[in-house]
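See structure below.
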Amino acid sequence: MAASGLINLSGLIDDAKCFALVRQHRWPEGVRCPACEKDAVIRDGHDDVQPCRQRYRCKACSGRFDDLTGTVLAGHHQPLRVWVLCLYFMGLNLSNRQIALELGLDGSNTQAMTEQLRRGLAAKTPAVELTGEVEIDEVYVVAGHKGQPAAVAKRAGSDAVASWQARRAAARWRRTSRPSSA
Ligand SMILES: [Zn+2]
C-alpha cells in the first residue's frame, strides 16, 4: 500500500518552516525590495490568510511586498508546503503521476506546478542539485562579455553569425563523437 494512503504528507509539514526556507533561499543576505533592490526594508505584519507569510515595506520606494511577491508561488491556491513537497519529489525524479498521488492532487494541477517550478521562480528557489552527466547544448558565454556587453557587441560585428555557426557545428561534433577525455 502506498504511503499516501496512510499519511497525509503535507499535513506533517510546518508552514512556518516552508516560509523560512523561501526567505533563506530568496534573500540569503537579508530581505531586499523586489522593486528597487534596496535593503531598507521593515517588517509590516503578516498575510491575513497565511499567518506565516511575512509582509514588508520598503523605506526607499515605499513599496509593499511579501515573502512570495514576484515568485510563481504568489497567488497560487496551493499552500506553500505543497509546493515545497512538489519540489522535493521532483528532486527525487518522481513522475507527475507519482507526485499527484503523494500530494493528493489531480494530474493536470500537478503538471502545471512542475512546469512552473521547472521554468524557475522569479526569485531564487532552493538550489537544484545536478548529479551525473550534465549537458548544456549550444550555450556560449563570451568571456569578455562580463560587465562589458557593449564592447563585445561592437567587436562581434559581422563575424558573429559565421562564428556562431562554426561553434554550433563544433558542438554538434562534440555531442556525437563523445570524446573520452571529458
Ligand atoms: Zn523599494
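The values are calculated or read from the model by the stated rules, or taken from the named source; none is laboratory data. Quick caveat, the model's predicted, so the values are computed rather than measured. Cβ atoms come from the backbone with ideal geometry, glycine included; neighbour counts cover every protein chain shown. For the accessible areas, the whole protein counts, side chains as well, though only heavy atoms, and no ligand, DNA or RNA atoms are used. Shrake-Rupley method; radii C 1.70, N 1.55, O 1.52, S 1.80 Å.
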Which of the residues belonging to region 40-54 are in a loop (DSSP other than H, G, I, E, B) and open to solvent by less than 100 Å² (accessible area, probe 1.4 Å)?
Ala40, Asp47, Gln50, Pro51, Cys52, Arg53
Within the set of pairs 6+ apart or on separate chains, which have a first residue in region 25-38 that is assigned to a loop (DSSP other than H, G, I, E, B), a second that is polar (S, T, N, Q) and surrounded by 18 or more Cβ atoms within 10 Å (Cβ to Cβ), and C-beta atoms under 8 Å apart?
Pro34/Thr69
Quick one: Asn8 ticks every box in (1) at pLDDT below 90; (2) within 16 Å of the ligand (Cβ to nearest atom) bar one, so which box is it?
(2)
Subset tally (residues that are touching a Cys at 6+ places or on another chain (Cβ under 8 Å) and more than 16 Å from the ligand (Cβ to nearest atom)) for region 21-71:
2
Is there any pair linking a residue in region 9-23 that is in contact (Cβ under 8 Å) with a residue 12 or more places away in the chain and farther than 17 Å from Val49 by Cα to one that is surrounded by fewer than 16 Cβ atoms within 10 Å (Cβ to Cβ) and not hydrophobic (A, V, I, L, M, F, W, C), with Cβ under 7 Å and at least six apart or on different chains, and which?
Leu21/Pro126
Report, by residue number, each residue of region 24-37 that is loosely packed, with under 15 Cβ neighbours inside 10 Å and either under 13 Å from Phe65 (Cα atoms) or in contact with a Pro (Cβ under 7 Å, 6 or more places away or on another chain) (or both).
His25, Cys36, Glu37
